[in-house]
There are 2 protein chains.
Amino acid sequence: MRTSVATVCLSGGLVEKLQAAAAAGFDGVEIMDADLQAAYESPEEIRALCARLGLTIEMYQPFRDVEGVDDATFADTLHRAEAKFDTMRRLGTDLVLVCSNAGTATIDDDQVAARQLGEFADLAAAHGIRIAFEALAWGRFVNDYRHAWRLVQAADRPNLGTCLDSFHILSRGHDPAGIEQIPGDRIFFLQLADAPALDMDLLSWSRHHRLFPGEGAFALTDFLGHVLRAGYSGPLSLEVFNDTFRQTDVVRTAAHARRSLTWLADRTAAANGWDADRLADATPPTGFDFVELAGSDLTPFDAMLTQLGFRFRGSHRTKPVRLWTFGDARIILDEQTRDEVPRVAGIGFEVPDAAAVESRARTLGAPEVYRRTHAGEHHLRSVAAPDGTAVYWNDTPAEASWITEFAGGEADEGAVGVVDHVNLGYRWQDFDEAVLFANSVLALTTASAAEVPGPVGLVRSHVMRTDDGAVRLPMNLAPATAPLPDRHIAVRCADVVAVARAARQRGLEFLRIPQNYYDDLAARFALDPGFLDELRELDLFYDRTEGGEFIHFYTPTVGGVFLEMVERRGDYDGYGAANAPIRLAAQRAARG
Amino acid sequence: MRTSVATVCLSGGLVEKLQAAAAAGFDGVEIMDADLQAAYESPEEIRALCARLGLTIEMYQPFRDVEGVDDATFADTLHRAEAKFDTMRRLGTDLVLVCSNAGTATIDDDQVAARQLGEFADLAAAHGIRIAFEALAWGRFVNDYRHAWRLVQAADRPNLGTCLDSFHILSRGHDPAGIEQIPGDRIFFLQLADAPALDMDLLSWSRHHRLFPGEGAFALTDFLGHVLRAGYSGPLSLEVFNDTFRQTDVVRTAAHARRSLTWLADRTAAANGWDADRLADATPPTGFDFVELAGSDLTPFDAMLTQLGFRFRGSHRTKPVRLWTFGDARIILDEQTRDEVPRVAGIGFEVPDAAAVESRARTLGAPEVYRRTHAGEHHLRSVAAPDGTAVYWNDTPAEASWITEFAGGEADEGAVGVVDHVNLGYRWQDFDEAVLFANSVLALTTASAAEVPGPVGLVRSHVMRTDDGAVRLPMNLAPATAPLPDRHIAVRCADVVAVARAARQRGLEFLRIPQNYYDDLAARFALDPGFLDELRELDLFYDRTEGGEFIHFYTPTVGGVFLEMVERRGDYDGYGAANAPIRLAAQRAARG
């Protein structure tokens, strides 16, 4: 697999973009006309820089509005092209993207269009240049890849082929199976982009909301399968117009982009039974091993965990690290840091084969996390997520592995508990890469998305999970003006009312819930009055669906972290989304 | 005119929202169910707070999914309603919004819908409550205000009327003229929202992109005319769901919201020849009087203006303020500040009647700007724009007014120049209120919008101007991660090539333009080679349309300000939008 990225995907100047693309491991680039124009470096300098960086200039793009025009306009077009062909000669690239006419086309006649494309290709041939003709989704007369291919066939020039762009094809709902009817060597180029399922005009959707593969809703594995089965052997090139990536750090975005192609190639190969481009299998985790909080003084959590009924299992024998458990829910308090603000520093997952998962993650470009281990201690395989959170994988039964390194506490017999979910908040500009990481490295899938109106803006929530629900990561995208949202650990227990009552007796300050919330509950659900009183007394949230119920409560926030205790009854599978606005408002009020 | 605002328009907790609404001068509020639920204050406390603040609770909203359901669901609905009616009793409000069923409707039968609405109204009547039934644009079976009104007629209950929402009607392109067929006293409520022209699904458009009147593309003056001619006499109430206003400062947003209603009522009265609610006439300015820069040391601008060929007209006789002119383009350098970073501090406009414009601005809630004046000095009428920029109005010919207060410089005879436009950059969250201010207070109209891909994100540009082009304010919305964008003053002259050549001889450092830009110009336009060389030599930008040409160049940026010199040939009416990405990239490179 050869990989490429269009310079328009990245922020900054052209030289920065090229350096970032090379650092991320791309083999080549598509150079956007506008990026070259804005550069002080000459085409010769850009060519030499790419050569030094080991980047092939795969394509120059775009050249617009060629076919379907009157003769005078076509003569102007050929004049425009001469200058661009000269620029391409200086850049040392021989392939130019021509996209179907969306601006000047007035003649809806395939014969005229094919003749003009043919003449255009002949002029290009005189300069040793090849043309990749692409149907824009909003082309005036040509907006279907099958139509573009018919025109290429009709023009019948050896240096004229087609360019396929997943966005232009999938956004219109066109069946990509027809791609297999195109000979692979006539597909001159392939551009890949994912996108969220949005119901809006194609141009705005395309220009602002494209995503890297694995972040959106397009069936790209299926799409790429068709292209490769057609015999296409050129690079997989990303062309992602996205308002966010235009302003995020170019090096980080390039790495993120590169990961998306590795993931896509692997998934496509897996779906087709091909060996090439396969990574180790993407085996989803079977559960949470632990969640680690870090901070220079985590004493408030020791107190809070005691109140919640967690057991202190002891301190680590070599490090200022403590372990608390509630059944199989394990929370590690790590004070090996000078950071005063507590945060969720790491998440451990139980997996069938940690070495395989780690190898896969490495190939996907995830860096290792340094963790000091002493002789005889269990080594956990780990990588850092893009936001710095450590991820650990454990394939040894917990009781036989790192837990044995903790001593001085007491046994935790009889308690039934497990980490239900870890809620991770992100700055809006870090959200898409986090989704891709969860998808590609953690092997989680997108389950649902929701919007929660909070007191300081709308929070977008996106749940990544395993099919069986053993691991759930609700991911929240914060409003642009808001600080980094708090994160929280939700622990599932068998009787949350009992846990809440005991915690209150032990003096835990719950997040207080407005009485008006319970008046609304009474209106929404026909609850037993005694039960409603119990919810009200204990500041418990409640939700119900057809087949199940959800009862939960929240601790105060310490630093950037709080805890939630939940109980799921029946087949309730959500997170109490209806309660989230109340919770956000209550937390804001608690901050004062 | 009675005014109201839905609490959902504003950020924060319910008490903050109510306080901000009162401070902005609203007469009443619509209380959103979700805002009450998230409040610790009881309904009785909210009622008492509103009474103290002088706010009427005009409506409680929304109650969903009443009509078109099976009997069991309807029984549940009546149960839900009992509890809400009790909450309304405690709040002391008697009007509830019922929006057409978008969730549970299964029966597409007007007889069933009318019967259920009637029974619902009867239950409400027993609690002394009135129902305002509204067609949601995405209602399952009822999504047209005319259909909602037919159902209200069929149900025929005295406490059942209709609610009209401009978004739900105009977003679907329904003709609002039919509103005049509804008796005014059966229109129980009116909700107003503007919106940009977007081609996307109605629900997303409505939930995220509504705007206050005067900021979007809806013909709201026409709409409100129909409603008032129908005889509606209730409040004009804003219901604006907008992702930005959910996170902006509640006090500022409330003031901004209130201004939009004053503006809308005035424009509607003007269009219909009514006296009530009229402000002083909205007379557009006839030209720029001056632009004022402020900073503790503006010497770099004295040097730059000299190089550009401006004349030093002297210092103010009482203040550390200097005047420079290029024909009728006047730039004031004001050093009465400790701010080290120079900025565009004020803009003066020439108007036919400054007192009328000032009176209008005051009624629209714009605060006065303090300006120290000594005896015998000209007093300029002024207000502060929402971002703090001072706006001045002058109806005395410049040469007879404040210019006479400057002395010690030289005359500026023969130079032909004028301020062409002032380009104002805004943080994204301050943009909509700036558009409304330009529209309502400055009497400018929206001419065009464009998107410019910059090196650190997409910049949205929106031009506000007078019809004759004498005053033009291109307004730029910065990417969310970007700092406040620089602002600039563009001065139009008769021969920009000569100005550029002279400036270069005087040592001005121009913004350098990449050679690749000129290669592209050659490809796009068949320019005379000598002219192209001249553009290249002098770092001039060029643009061309059917009937005109535009030549322009930029100075370096000092603090947050730079200057542009432009020449318009023929009927060129734009701003060189195609050159903006190059300029943004060059300015970023110049910052290093």
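The values are calculated or read from the model by the stated rules, or taken from the named source; none is laboratory data. Predicted model only: the values in this text are computed from it and were never measured. Note: ideal-geometry Cβ built from the backbone for every residue, glycine included; neighbour counts use all protein chains shown. The area values use the complete protein model at the heavy-atom level, side chains included, leaving out ligands, DNA and RNA. Shrake-Rupley method; radii C 1.70, N 1.55, O 1.52, S 1.80 Å.
Quick notes on this structure:
- Each other copy holds its own label point for B:L53; taking that point as 7 Å from Cα along Cα to Cβ, the gaps run 5.5 nm, nearest first.
- Per-residue HN-Hα couplings for region B:248-253 [Karplus 6.51, -1.76, 1.60; θ = phi - 60°; Hz; x = Gly/Pro]: 8, 4, 5, 5, 5, 5
- Note on region B:460-500 and region B:221-266: Cα centroid distance 29 Å, given to the nearest whole angstrom.
- Packing-based order for B:558-566, B:237-245, using average beta carbon neighbours within 10 Å, highest first: B:237-245, B:558-566
- Complex-versus-alone comparison for region B:224-252, residues with a loss of 50 Å² or more in accessible area, probe 1.4 Å: B:R246, B:Q247
- For region B:466-471, the Karplus equation 6.51 cos²θ - 1.76 cosθ + 1.60, evaluated at θ = phi - 60°, returns couplings of 8, 4, 7, x, 5, 10 Hz by residue, with Gly and Pro reported as x.
- FRET efficiency, 1/(1 + (r/R0)^6) with R0 51 Å, evaluated for A:L53 and B:D156 via beta carbons: 0.10
- What the phi angles of region B:365-375 give under the Karplus curve with 6.51, -1.76 and 1.60, with θ = phi - 60°, is a coupling list of x, 7, x, 6, 9, 7, 9, 5, 10, 9, 3 Hz, glycine and proline written as x.
- Cα-based Rg of region A:1-101 normalised by 2.2 N^0.38 Å, two decimals: 1.13
- Share antiparallel - DSSP beta bridges, region A:261-400, percent rounded to 5: 70
- Between this copy and the others, label points of A:L203 are 2.7 nm apart in ascending order, each placed 7 angstrom from Cα in the Cβ direction.
- Tilt relative to chain B, helix B:145-155 - C-alpha long axis, 0 to 90 degrees, to 10: 20
- q = 0.05, 0.07 Å⁻¹: log10 I(q)/I(0) that the Debye formula gives for the protein assembly as shown, counting C-alpha atoms only: -0.41, -0.82
- Placing a label point 7 Å from the Cα of A:R512 along the Cα-to-Cβ direction, the residues of region B:39-55 whose backbone N falls under 16 Å from that point are B:39-43, B:45-46.
- DSSP bridge pairs, the protein assembly as shown: antiparallel proportion in percent, nearest 5: 55
- Shape summary of region B:251-402, radius of gyration then Dmax from alpha carbon positions: 17.6, 54 Å.
- Hits among lysines - C-alpha to C-alpha of B:K84 under 29 Å, sequence gap 8 or more where chains match: B:K17
- Accessible area buried between chains B and A, both sides summed, probe 1.4 Å, in Å² to nearest 100: 4100
- Of the GluC sites (Glu not before Pro) in region B:311-414, those whose Cβ has at most 14 other Cβ within 10 Å and which sit in DSSP loop: B:E340, B:E368, B:E410, B:E413
- Using the rule -39500 (n - 2.57) for each DSSP H run of four or more residues, divided by the residues of chain A, the 222 nm mean residue ellipticity is -10000 deg cm²/dmol.
- Segment A:D297-A:D528, length gained on full extension (0.36 nm per residue, minus Cα span): 78.8 nm
- For region B:504-582 versus region A:186-208, the gap between their alpha-carbon centres in whole angstrom: 33
- For chain A, the longest principal axis of the C-alpha atoms and the axis of helix A:14-23 are separated by about 60°.
- For the protein assembly as shown, carbon and sulfur atoms together expose 49% of the accessible surface, with a 1.4 angstrom probe and every protein chain in place.
- Taking the DSSP beta bridges with both ends in chain A, the antiparallel portion is around 55 percent.
- Other protein chain Cβ atoms within 10 Å, averaged over every residue that makes up B:2-12: 1
- In chain B, the longest principal axis of the Cα atoms and the axis of helix B:43-53 are about 50 degrees apart.
- Once the gyration tensor of the Cα atoms in region B:370-436 is diagonalised, the equivalent ellipsoid follows with semi-axes of 29, 18, 10 Å, ordered largest first.
- Extension gain for A:D70 to A:T283 (0.36 nm times residue separation, less C-alpha to C-alpha distance): 70.9 nm.
- In this calculation the C-beta distance from B:H378 to B:A411 is compared with R0 = 25 Å, giving a FRET efficiency of 0.80.
- Chain B: radius of gyration over Cα atoms, expressed as a fraction of 2.2 N^0.38 Å: 1.13
- Sequence-distant residues sharing a close amide H with B:D289 (under 5 Å, placed H): B:G348, B:F349, B:E350
- Region B:347-406 and region B:107-123: distance between their alpha carbon centers, rounded to Å: 59
- Taking the convex hull of Cα positions in region A:74-227, its mean projected area over all directions (nm²): 9.2
- Length-normalised contact order of region B:342-395 in % [C-alpha pairs under 8 Å, at least 6 apart]: 51
- Amide H to amide H distances under 5 Å link B:E377 with no residue, where only residues 5 or more positions off or on other chains count and H is placed in the peptide plane.
- Ranked by how many other beta carbons lie within 10 Å on average, peptides B:459-470, A:267-278, B:436-447 from highest: B:436-447, B:459-470, A:267-278
- Residue-level result for chain B: its Cβ closest to the axis carrying B onto A, with that distance in Å, is B:M200, 2.
- Region B:434-484, accessible area per residue, ligands and nucleic acids excluded (1.4 Å, Å²): 33
- Per-residue mean of foreign Cβ neighbours for B:207-214 is 1 (Cβ atoms of other chains, 10 Å radius).
- For B:G376, the distances from its label point to the matching points in the remaining copies are 9.6 nm, ordered from shortest, with each point set 7 Å beyond Cα toward Cβ.
- Taking amide H as placed 1.01 Å from N in the peptide plane, A:R317 has its amide H under 5 Å from the amide H of A:A407, each at least 5 places away in sequence or on another chain.
- Expected-Rg normalisation [2.2 N^0.38 Å, Cα atoms] applied to region A:449-592: 1.03
- Computed over the alpha carbons of region A:531-584, Rg followed by Dmax gives 11.7, 37 Å.
- Cα-centred dipole magnitude for region A:306-439, charges only on beta-carbon of K, R (+1) and D, E (-1), debye, nearest 20: 360
- Normalising the average separation of contacting C-alpha pairs (under 8 angstrom, six or more residues apart) by the number of residues puts the relative contact order of chain B at 10 percent.
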